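Just below is one structure, and these are the notes that go with it.
Here, each number is a calculation from the coordinates, and none is a lab measurement. What you see is a predicted model; the values in this text were computed from it and never measured. FYI the Cβ positions are ideal-geometry reconstructions off the backbone, even for glycines, and counts take in every protein chain you see.
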Amino acid sequence: MVIVLTEQQNGRFKNATLTAVTVGTQVARALGTQCIALVPGKANDPASLGEYGAAKVIHMDAQSLENVDSKVYTAVISDVAKREKAGLVIVSHTSTGRQLLGRLAVRFRGGFASGVSKVLVEGGKMSITRSAFSGKAIENYVLSGETVVISLLPNASPALKTGTPCPVEKLDIPIPAASVKVREVKRTEGRVPLPEANIVVSAGRGLKDPSNWGIIESLAGALGASIACSRPVADSGWRPHHEHVGQTGLAIRPNLYIAIGISGAIQHLAGVNNSKVIVVINKDPEAPFFKAADYGVCADLFEVVPKLTEALRKAHA
Amino acid sequence: MKLLVCISKTPETTAKVAFKDNGTMYDTAGVTFMLNPYDEWYALVRALELKEKSGGTVTVINVGTTEDDVMIRKALAIGADDAVRVDAAPRDAYFTASQIAAFARDKNFDLIFTGKETIDYNGSMVGGMIAEMLDLPFISYVSHLEMENGITVVTRDIEGGVEISEVNLPMVCSAAKGLAEQRIPNMRGIMTSKTKPLSIIKRVEVSPMIQDVRYTLPPQKSAVHMLQPDQMDELVRLLREEAKVI
């Protein structure tokens with residue numbers, strides 16, 4: 001069996017989860033088995049995961065699973081993996097997956113991989129592809145062991161509806177005591193969180209002053225994009241640190257990354273060079289970012305950005 | 001408090017990335033190494049701050065060869081009290097975590113820090129593995145950690161926000177940006193680092209879980225398509241019809 005740990009936000013399954021179920025189903029078929037979705041905590045319509053290929057949902061509706069306590073989740077997931085004779089357990093490469101992957105790998109004593117972009121099955125063997133050296137290398141290896149575990153990138157593959165709602169089995173097993181007490185969860189409201197955004201508009205020092213940020217907001221609004229920034233912008237307090245992308249900030253991989261007034265130092269590129277398409281707007285023709293870009297505009301950003309926003313609005317109209 | 005900080009060496013950010021032996025090994029020829037920034041800037045410095053506030057000791061541990069000693073001395077120069085090097089070339093995260101867990105098992109550390117990941121293999125695995133091996137609580141990507149009346153309050157980064165938790169020690173956590181500020185070793189630190197204890201210990205026998213890794217370089221990007229400022233309608237068309245991303 002292939003088991004996928006699901007995640008929800010605001011009462012809906014995350015896109016990362018729909019992707020994981022889609023990929024889990026594809027791998028399960030190639031292995032001649034099925035994919036089971038494990039749903040911890042309250043859920044609105046768990047049967048809908050069948051549309052993405054799950055053969056069955058195991059729903060554990062327990063209050064103590066509302067927060068991701070790594071010890072508790074590891075015990076529960078390994079219990080379910082044992083019952084279902086799992087050959088592969090998939091978590092998403094998210095804050096939840098990061099809490100769990102190392103523990104699960106030790107528990108299963110089998111192959112493991114984090115940040116996986118592709119799983120291949122050949123002759124009954126599973127091999128994975130992941131990026132290493134901050135996007136500057138691609139790593140491949142075979143996962144061996146009775147039960148292996150991976151964290152799958154949220155955008156590893158499009159989520160595909162290929163099936164119909166599936167049976168939901170309620171599971172009530174003893175859940176160990178919590179090792180951590182969650183006091184508070186604080187979320188910035190509004191935009192899609194950066195790691196989940198398909199489109200990201202990002203700006204750097206070229207913007208000159210925080211009061212100029214309005215043109216970035218307008219462009220992001222026209223695109224339905226999330227906003228990011230370079231390290232100097234976060235360090236000087238223009239923007240909050242959780243918007244900083246790069247080596248020491250967040251690593252993201254949206255479908256479209258628009259870099260405005262960012263030179264493209266190697267530390268910044270490390271956090272964004274896995275983006276599918278990169279647009280660079282910079283007045284310096286020597287900016288290293290142009291080498292990593294798919295499309296570039298070498299001109300004053302204060303002229304270009306409003307024009308691009310206008311062109312997008314016209315195209316939408 | 002007894003604090004343990006796991007430190008690793010990584011190639012400098014600007015080092016070239018190439019592979020040898022048929023794409024099975026990172027080619028270190030001409031590469032300069034440094035302490036992994038998450039280990040040095042955040043994990044180590046927060047451990048030192050906790051020690052300065054409430055007393056105790058900060059031990060650093062590294063799994064590596066003699067080449068790593070210069071990095072270990074730097075951690076001592078920044079302020080760690082003593083160091084341990086498990087004498088072994090790291091194989092995979094499981095191998096490394098097993099070595100650290102074997103050392104820490106009977107030492108009663110209150111807090112074990114790792115960086116959130118190493119900037120070369122980007123695995124983000126070792127912290128959780130040590131926690132499981134020692135049966136301790138684990139929090140990943142910690143951006144704040146405070147002691148409040150004997151309770152440890154830990155903030156971790158999650159998508160679009162933070163989660164704040166209370167944890168009883170001992171625990172393991174992986175350090176992210178925000179946890180502390182980088183410290184540059186001063187002359188006194190550098191001088192005393194030479195005489196601080198660095199014990200070299202034998203590895204425990206563990207088989208790695210991952211073998212036969214192959215590396216390739218990502219395909220070269222095709223040349224950038226440059227546009228003029230008055231071609232924004234064209235850029236929108238390209239993003240929509242050629243790149244298909246909007």
Per principal axis, descending, Cα span of the range B:137-245 in whole Å: 63, 41, 40
If you bin every alpha carbon distance in the range A:102-172 into 5 Å steps from zero, what whole percent lands in each bin? 3, 13, 19, 18, 19, 17, 7, 3, 1, 0
Per DSSP helix of 4 or more residues, -39500 (n - 2.57); summed, then divided by the residues of chain A. What does that give at 222 nm, rounded to the nearest 500? -8000 deg cm²/dmol
Which of B:Gly123, B:Gly189, B:Gly23 moves most in a GNM of chain B, Cα contacts under 10 Å? B:Gly23
Return the FRET efficiency for the residue pair B:Ala223, A:Arg109: r is the Cβ-Cβ distance, R0 is 41 Å, and the value is rounded to the nearest 0.05. 0.30
With axes computed from alpha carbons, what is the tilt in degrees of helix A:214-223 against the longest principal axis of chain A, rounded to the nearest 10 within 0 to 90? 50 degrees
Which of the lysines could be linked to B:Lys107 by a straight reach, that is with a Cα gap under 26 Å, when you skip same-chain ones fewer than 8 residues away? A:Lys71, A:Lys181, B:Lys2, B:Lys9, B:Lys51, B:Lys53, B:Lys74, B:Lys116, B:Lys194, B:Lys196, B:Lys202
Within the range A:1-89, what percent of beta bridges assigned by DSSP are antiparallel, to the nearest 5? 15 percent
Restricting to the range B:1-132, what percent of DSSP beta bridges are antiparallel, rounded to 5? 25 percent
For the modelled label position 7 Å from the Cα of A:Ala30 along Cα-to-Cβ, which residues of the range A:124-139 have backbone nitrogen atoms closer than 11 Å? A:124-129
Quick one: plug the Kirkwood hydrodynamic radius of the protein assembly as shown (C-alpha pairs) into Stokes-Einstein at 4 °C, 1.567 mPa s, and report D in µm²/s. 53 µm²/s
Tell me which of A:Cys298, A:Ile199, A:Thr25 sits at the most positive position along the dipole axis of the protein assembly as shown, charges placed on C-beta atoms (Lys, Arg +1; Asp, Glu -1). A:Thr25
Positive-end residue, chain B charge dipole about Cα centroid, Cβ charges, pick of B:Val17, B:Ala97, B:Val86: B:Val86
Could you tell me what a quarter of the Cα convex hull surface of chain B works out to, in nm² with one decimal place? 17.9 nm²
Here the Cα Rg-to-2.2 N^0.38 Å ratio for the range A:1-80 is 1.04
For a distance above 18 Å, tell me the whole-number percent of Cα pairs in the range B:13-97 that qualify. 54 percent
What is the ratio of the Cα radius of gyration of the range A:182-317 to 2.2 N^0.38 Å, with N the residue count, to two decimals? 1.00
If packing is taken as the mean number of other Cβ atoms within 10 Å per residue, what is the order of A:149-162, A:283-296, highest first? A:149-162, A:283-296
Please report, in cubic angstrom per residue, the volume enclosed by the convex hull of the alpha-carbon atoms of the range B:70-211. 141 Å³
Across 20 Å bins beginning at 0, the whole-percent shares of Cα-Cα pair distances in chain A come to 31, 51, 18, 0
